[in-house]
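Student: I have a structure here, written as structure tokens, and I will follow up with some questions on it.
The values are calculated or read from the model by the stated rules, or taken from the named source; none is laboratory data. Worth saying up front: this structure is predicted, and the values here are computed from it rather than measured. With ideal geometry, Cβ positions are generated from the backbone for all residues, glycine too; neighbour counts draw on all protein chains shown. These accessible areas exclude ligands, DNA and RNA; they are computed on the full protein's heavy atoms, side chains included. Shrake-Rupley method; radii C 1.70, N 1.55, O 1.52, S 1.80 Å.
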Amino acid sequence: MWCDGQPEHEGWYLCAWKIGERYVYAVGKWTGGEWLTSMSAEPHTYQEIQSPAEQDKMLDELYENT
């Protein structure tokens, strides 16, 4: 889910900046006080990145429940 504002936890996020009618995406790190990204401006929106291990676990759990 895409979020606005500032994350509650430090970590890595997929960030998006709206430019005209489109978005530019980059991975950014939230340090708890500022964004560290390749763009100079704060992102318009962001979403948490799941590690491959977390995604595999989620898929295993979905498969077990079907």
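Student: So what is the calculated 222 nm ellipticity per residue for the chain, using -39500 (n - 2.57) for each DSSP H run with n of 4 or more, over all residues, to the nearest 500 deg cm²/dmol?
Tutor: It lands at -6000 deg cm²/dmol.
Student: Another question, then. In Å, what is the Rg of the alpha-carbon atoms in the chain, and how long is Dmax?
Tutor: Radius of gyration, then largest Cα-Cα span, for the chain: 14.4, 45 Å.
Student: Rounding to the nearest 10 and keeping the result within 0 to 90°, find how far the Cα-based axis of helix 52-64 lies from the longest principal axis of the chain.
Tutor: Rounded to the nearest ten degrees, it is 40.
Student: Okay, next question. Just to confirm, what accessible area per residue do you get for the chain at 1.4 Å probe, in whole Å²?
Tutor: On a per-residue basis, the chain sits at 82 Å².
Student: Counting pairs of alpha carbon atoms under 8 Å apart in space and at least six apart in sequence, what relative contact order in percent does the chain give?
Tutor: RCO, the chain: 34 percent.
Student: Order the peptides 7-19, 29-41, 52-64 from the highest to the lowest mean number of other Cβ atoms within 10 Å of their residues.
Tutor: Listed from highest to lowest mean packing, they are 7-19, 29-41, 52-64.
Student: Now a separate question. State the percentage of accessible surface on the chain attributable to carbon and sulfur atoms; use a 1.4 Å probe and exclude ligands, DNA and RNA.
Tutor: On the chain, the fraction of accessible area on carbon and sulfur atoms equals 51 percent.
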